[in-house]
Every structure is written in structure tokens, then in C-alpha cells.
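S.K.: Please see the structure below; I have some questions.
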Amino acid sequence: AGQTCTAPDYLIVKRSAVDPLIDALKNAMHEFFGDHPKNCPDYARIINESHFERVQAYLEDGDVVIGGDTDKEDLYIEPTVMRHVQPEDQIMQDEIFGPILPIIEVDSVDEALSFINHREKPLAMYVFSERHSVVERFLKESTAGGVTINDVLFHLSVHDLPFGGVGQS
């Protein structure tokens with residue numbers, strides 16, 4: 001349920017790819033958790049009530065396009081994807097540590113890099129692109145504690161790699 005320090009806190013997506021991505025995320029969530037994630041025995045709950053309330057409050061920061069159901073008694077927050085989240089919204093100020101994934105829509109690689117570079121350095125960055133030149137730009141023009149290309153969390157599975165952040169991370 002996103003309660004790790006290396007879980008993605010947001011996606012930066014080219015505007016023209018957002019709708020197809022949302023469709024793909026809906027399909028993946030259905031494949032992983034079925035029609036009712038709350039009933040899936042493999043889907044985690046939020047660790048405690050105070051974290052539940054903190055994460056649930058983020059649902060007010062944008063438009064929920066997938067998920068959004070909550071149950072305080074069960075500490076359940078459905079896997080959720082959001083659009084139209086603003087950089088100044090609270091969800092974009094904190095690490096989420098929950099199953100909410102905001103989408104930041106951009107028109108260019110330059111805009112994506114600017115967004116990343118005007119924030120605290122991330123502990124982990126995951127770059128997805130089929131274009132080597134785009135990957136190289138992210139590697140050369142931004143900084144993160146760890147970077148994985150076309151995958152997530154993979155860098156944590158290699159025990160011989162160092163783990164740690166840069167800057168605040």
C-alpha cells in the first residue's frame with residue numbers, strides 16, 4: 001500500500017500519454033487486486049489511525065481518477081490515482097507513505113526535469129523511456145539517491161549496491 005520510502009510519490013507523464021496510462025493502471029489494479037481490492041488478502045492496510053487520517057486527507061488535493069474508497073475502521077485506502085494535483089498541494093509537500101499516486105502532466109522533458117529539480121532531491125527516481133537520449137538527460141540533469149530505468153525498486157534488490165540518499169533524502 002505504498003508504505004515504503006522508495007515507493008513513488010508521483011508520476012510525471014507527458015500529457016498525451018496520461019489517458020492511456022490511466023487505462024493501463026486500471027487494468028493492472030484489476031489484475032493484481034480484482035474488482036474489490038478491499039477483499040483481496042494480498043492488499044495491505046495503513047499502519048495506524050493517525051497515518052490513515054494523514055493519507056486520507058490527501059484525497060482532497062486533486063481529482064481522483066481511480067480508486068479513492070476508504071474505511072477508517074479497517075484502515076483501508078483503496079489504490080488511488082489522482083490528476084490535477086498542484087505542486088503547492090499538501091500531497092506534493094510530503095512523502096505519501098500510502099496507496100495514492102498523483103500524476104503530474106507535462107508537455108516536455110524540459111518541463112519534467114524542471115519539476116524534479118525545483119524540489120528536494122528524491123531518494124529514488126524511476127525513469128521510463130524507450131529513448132536513450134531521454135534517459136541520459138535524466139541521469140545527467142537531475143540527482144536522486146538511486147535511479148532505476150524502465151522498472152521500479154529494482155536497484156534495491158542488488159545487495160552490493162549502496163543505499164542512501166542525497167541532500168534531504
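The values are calculated or read from the model by the stated rules, or taken from the named source; none is laboratory data. Note that the coordinates shown come from a computational prediction; the quantities given were computed from them, not determined experimentally. Glycine also receives a Cβ, built like all others from the backbone with ideal geometry; neighbour counts cover every protein chain displayed. Heads up: the accessible areas ignore ligands, DNA and RNA and are worked out on the full protein's heavy atoms, side chains in. Shrake-Rupley method; radii C 1.70, N 1.55, O 1.52, S 1.80 Å.
S.K.: So how much slack lies between Asp23 and Val135, counting 0.36 nm per residue of separation and subtracting their Cα-Cα distance, in nm?
M.R.: Working: separation 112, 0.36 × 112 = 40.32 nm, distance 2.43 nm.
Length gained between Asp23 and Val135: 37.9 nm.
S.K.: Which lysines, on any chain, are close to Lys140 with Cα under 22 Å apart, when same-chain ones fewer than 8 places away are left out?
M.R.: Lys14, Lys121
S.K.: Additional query: Kindly provide the helix-only [θ] at 222 nm of the chain, computed as the sum of -39,500 (n - 2.57) over DSSP H runs of four or more divided by all residues, to the nearest 500 deg cm²/dmol?
M.R.: -8000 deg cm²/dmol
S.K.: Considering only Ala17, Ser50, Cys40, whose Cα is most displaced toward the positive end of the charge dipole of the chain, charges sitting on Cβ of Lys, Arg (+1) and Asp, Glu (-1)?
M.R.: Of Ala17, Ser50, Cys40, it is Ala17.
S.K.: Is the shape of the range 28-94 best called rounded, prolate or oblate, per the rule: a/c under 1.5 gives rounded, else a/b larger than b/c gives prolate, else oblate, with a ≥ b ≥ c the square roots of the Cα gyration tensor eigenvalues?
M.R.: Oblate, because a/c is 1.5 or more while a/b does not exceed b/c.
S.K.: Kindly sort Phe33, Phe154 by accessible area of their heavy atoms, largest first, with the probe set to 1.4 Å. Numbers along the way, then the final one.
M.R.: Details: Phe33 50, Phe154 120 Å².
Output order, biggest surface exposure first: Phe154, Phe33.
S.K.: With a 1.4 Å probe and every protein chain left in place, work out the accessible area per residue of the chain in Å², rounded to a whole number.
M.R.: For the chain, the solvent-accessible area averages 59 Å² per residue.
S.K.: Something else about it: Among Val85, Val134, Leu75, pick out the residue whose Cα is farthest towards the positive end of the charge dipole of the chain, where Lys and Arg carry +1 and Asp and Glu carry -1 on C-beta, about the Cα centre.
M.R.: Val134
S.K.: Could you state how much accessible area Tyr10 has, in square angstrom rounded to the nearest 10, with a 1.4 Å probe and all protein chains kept in place?
M.R.: The value for Tyr10 is about 60 Å².
S.K.: I've got another one for you. Determine the order of Leu25, Leu113, Leu156 by accessible area, beginning with the largest, at a probe radius of 1.4 Å.
M.R.: The residues order as Leu156, Leu25, Leu113, largest area first.
S.K.: Between Glu141, Glu88, Glu120, find the one with the highest GNM mean-square fluctuation for the chain; connect C-alpha pairs within less than 10 Å.
M.R.: In the Gaussian network model the winner is Glu88.
S.K.: Which cross-chain or sequence-distant (5 or more) residues have an amide H under 5 Å from the amide H of Lys14, H modelled 1.01 Å from N in plane?
M.R.: Val106
S.K.: Name the residue, out of Glu31, Glu78, Glu49, whose mean-square fluctuation peaks in a Gaussian network model built on the chain with Cα pairs under 10 Å.
M.R.: Residue with maximal mean-square fluctuation among Glu31, Glu78, Glu49: Glu31.
S.K.: Using the Cα centre as the reference, give the magnitude of the dipole from point charges on the C-beta atoms of the chain (Lys, Arg: +1; Asp, Glu: -1; all else neutral), rounded to the nearest 20 debye.
M.R.: 500 debye
S.K.: Taking every alpha carbon pair in the chain, what does the distance histogram look like in 5 angstrom bins from 0, in percent?
M.R.: 1, 8, 16, 20, 21, 17, 11, 5, 1, 0
S.K.: Which lysines, on any chain, are close to Lys26 with Cα under 17 Å apart, when same-chain ones fewer than 8 places away are left out?
M.R.: Output for Lys26: Lys38.
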